[in-house]
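What follows is a set of notes on a single structure, which appears directly below.
Read-outs throughout are calculated quantities, based only on the coordinates presented, and are distinct from any laboratory measurement. Just so it is clear, the model here is predicted, and its values are computed rather than measured. Positions of Cβ are backbone-derived with ideal geometry, glycine not excepted, and every protein chain shown enters the neighbour counts.
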Amino acid sequence: MLMQVLASRRIQKIVLATVLLLALGFAGMCVFGPYFLEKLIISKMQAAGLEKPRITVVAVSHRGLDLREISARNPEFAIDFIHVGYTVSSLLKGRVKDIVISGIKYSIDFDQNRLENDSSSSRPSLGTSFIDNSFDSLKQADLPDLFFDRIDIRSADLEVFLENTRHRISAEAFFAAENQHRLNFTINPRIYGLPFEIQGQADLAALKTSGHIRSIAPGLSGTWSMDMRSGRESGLEIAAIAEDLKFSGLRIQAGLENASFQAAIEFNDHWGCREAGASLKVKGLFLNQAELDFLDLSIKDKGRA
């Protein structure tokens, strides 16, 4: 009987010591984890080629991670807040449950010559050669599996430099992983004050995407589908419809009854045009005193095979 009591007390002490160590380890992670994680993330950002990276790790726990004041240069971007939610089970599977991002600010320069004339600019140039190389790399890349269930972008501001003019686009977005390769998304941008809704799907394994876009105000909508694989199936299709559009301002009175646009392009292996076609139909177009009752225009072109 005495041996059983001693054994029971020994087990209780072992359990108590184990619980105490776990509690101390968890407390240490919560207290010192942000500091070491902050150093690790900055090191990874520098290794990725980002200049002057900054980040503040606010909190780390068994349920999530909170980051603030993320920024870097080349490319130039800033993010106010990121929350990463996970469980122990999801981390063991190499996944996180949800990511919430707020306050993204990013700049893109489409002018090819801007960086040549301004070597101090930290905005990435997206000239034709950059885009072609990106497409080629994408076709040959073995894209990783999606590691998240959901991404919720609460606010984002995109600054675009095009033809020496600055344009601003604000947006909110939501991404949901259907499986490890398929992604559904909804993006709500505001372009020149006009709100749009973009809904689509992307298959990262097959390099295919499709969806539709419409303005929140009635009158403009469109669809797209794109296959980025090599071979004759690589192509892009776009269709758009506009109805009962009117504009009044700047001493201009303009509008149209309805219009439709369709375009399709088939790429060769070097992302050149193999074949392309477009059609435009317009009815009831007017600009001040000028009027156009009907227009039906079609274009076809054959590029290099």
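The figures follow:
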quantity: Radius 12 Å from Cβ of Gly255, net charge of other residues (Lys, Arg +1; Asp, Glu -1); calculated: -2
quantity: Rounded to whole Hz, the Karplus (6.51, -1.76, 1.60) HN-Hα couplings of the stretch 155-172, x for glycine and proline; calculated: 7, 8, 10, 10, 10, 10, 9, 9, 6, 6, 10, 9, 10, 10, 10, 10, 7, 10
quantity: Set Lys52/Lys97; Lys52/Lys93; Lys246/Lys281 screened for pairs whose C-alpha atoms are more than 22 Å apart; calculated: Lys52/Lys97; Lys52/Lys93
quantity: Cα shape, the stretch 32-115, gyration tensor, a/c 1.5 rule; calculated: prolate
quantity: About the Cα centre, charge dipole magnitude for the stretch 43-83 (Lys/Arg +1, Asp/Glu -1 at Cβ), debye; calculated: 120 debye
quantity: Note, ³J(HN,Hα) from phi for the stretch 252-263, Karplus 6.51, -1.76, 1.60, rounded to Hz, x at Gly and Pro; calculated: 10, 10, 9, x, 8, 6, 6, 8, 9, 9, 9, 8
